[in-house]
Amino acid sequence: MFPLPYQGHVNPMFQLANLLYSKGFSITIFHTNFNKPKTSNYPHFTFRFILDNDPHDERYANLPLQGMGAFSRIILFNKCGADQLRHQLELELSAKDEPPVSCLITDASWHFAQSVADCLNLPRLVLRTSSLFCFLIYASIPFLDDLGYFNLSDNTATPLLDGLGYNNVPDDKRLEEQVAEFPVLKVKDVIKIGFKKDNDGMGDIISNMVKQTKASSGIIWNSFKELEQLQLETIRRDIPAPCFLIPFAKHFTTASSSLLDQDRSFLPWLDQQPRNSIVYISFGSVAQVEEKHFVEMVHGLVDSKQSFLWVVRPGFVSGSTWLEPLPDGFPGERGRIVKWAPQQEVLGHEAIGAFWTHSGWNSTVESVCEGVPMICSPFWGDQPLDARYVSDVWKVGVYLENGWKREEITNAIRRVMADEEMREKSRGLKQKLDASLIEGGSSYESVESLVDYISSF
Ligand code: UDX
């Protein structure tokens, strides 16, 4: 198994690895040295460190670690990783006294792995860590680009993406229009993806990811059928490879694959808080805000008068090491701030009443798994698409679609904490998910058929 070395990709791959191990498979993990997992948490797996073993390789030095630039590493590895991957796989395939290799499972964004696997006649399954609807929309990016969706006037589109300074966006009605080809989306959702068709950047990674996912022997998704039924039907119509939808958070936690230490010191405080009284706030592992937006968030939160638990990762506020921009006296008695939390455990805590999230897909599924309604502040990539589905399709959250404005933040927090109908919908979705895990349910059957499928190779 070969995860993409970022928290939002490492977590579901290790959850899948644990699941397959529990079904009797031996697991070998290929990983970069960059963002190395804690191997001591996985004495039952074999680890091989590949791709960036040469400490003198200057190509990998000084690449950004935060924000969208963090993914520049992926572009590089996809370009130059094939020989090393092939070499490592040949060693595994020829190893004596080891169980035979059934297949290679890689993150979908390691698109270069498909031709390597083909050369070795090894089936490659992909793990796609975002939603099915995101895949369909990503597959349409060249088409949407040709239709001009990414080419609003620079005055409109640039500030929209520039540090997510939505406050400066001129009043362009086109941003609010529906995308005719995907009526759930507004034009601004498509622009906020943050990349378009190109030949040498993220657009290239995405189009190759789509192409090589279609060419793979199977696709594993962190999702469940009842959540994305229509999208599943479309994908099954278009792609011959079988699909397996498994909500990983219901099988294993991500505690052992956490790249940062999870602070648990606030749990006694959380235990004392009333049911549904706390807003949990976290924006994932790579998103970054400007200081002025961070200050806006603080004011919105203070004005909401709600109690909160806030994960502020070091590096989250650009230009700061951690909490320097906070006003004196914040967070006070009403809140706690930590650098990193055991998120799944927190979301499952009865004191949590809402999740203010960046709408990363893992966070979204983890929230659905616990029936917690969301306040969505997406940054880029799949996140604006997830936020739109959470608010407009599943109706289990509110989308702060105009950026960081304190009044809107305050109103959204108050609304989600008080909205019983939304809480009921969130519980309903969780119940559907729980039912899918019981014998005969869709998620249960997906696990069984994945195990049978891999065993058949
Ligand atoms: C990225 C993308 O942003 C996301 O949209 C894509 O789907 C996967 O890759 P990330 O931004 O880190 O991931 O967000 P998310 O997908 O939500 O993953 C974050 C993971 O870190 C979750 O599993 C969450 O439980 C975990 N986490 C987060 C913690 O364990 N502790 C924390 O304090 C915060």
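Every number here is computed from the coordinates shown, using simple stated rules; none is lab data. As the structure is a prediction and not an experimental result, all values here were calculated from the model. Reconstructed Cβ throughout: ideal geometry from the backbone, glycine too, with neighbour counts over all protein chains shown.
Details
- Note on the chain: Rg/Rh from C-alpha atoms, Kirkwood Rh, equals 0.95.
- Prolate/oblate/rounded label for the range 1-118 (Cα gyration tensor, a/c 1.5): prolate
- Distance-filtered residues of the range 296-318 - backbone nitrogen under 13 Å, label point 7 angstrom along Glu408 Cα→Cβ: 297
- Extension gain for Tyr21-Glu448 works out to 152.4 nm (0.36 nm per residue, less the C-alpha to C-alpha distance).
- Charged side chains reduced to their Cβ positions (Lys and Arg at +1, Asp and Glu at -1) give the chain a dipole of some 440 debye around its Cα centre.
- When Met297, Met209 are sorted by how many other C-beta atoms sit within 10 angstrom of their C-beta, beginning with the fewest, the order is Met297, Met209.
- Protection proxy ranking, peptides 416-428, 301-313, average beta carbon neighbours within 10 Å, highest first: 301-313, 416-428
- Each residue, Asn121 and Arg236, gets one label point 7 Å from its Cα in the Cβ direction; the gap between the two is 3.2 nm.
- Using the Cβ-Cβ distance between Phe143 and Ala82 with R0 = 30 Å, the FRET efficiency computed as 1/(1 + (r/R0)^6) comes to roughly 0.55.
- Only Cα pairs under 8 Å and 6+ residues apart enter the sum, and on that basis the relative contact order of the range 340-415 stands at 25 percent.
- Loop-located trypsin sites (Lys or Arg not before Pro) across the range 26-79 with a Cβ neighbour count of 12 or fewer within 10 Å are Lys38, with loop assigned by DSSP.
- In the chain, helical runs assigned H by DSSP with n ≥ 4 each contribute -39500 (n - 2.57); averaged across all residues and rounded to the nearest 500, the mean residue ellipticity at 222 nm is -11500 deg cm²/dmol.
- Principal-axis tilt of helix 229-238 within the chain, Cα atoms, nearest 10 degrees: 40
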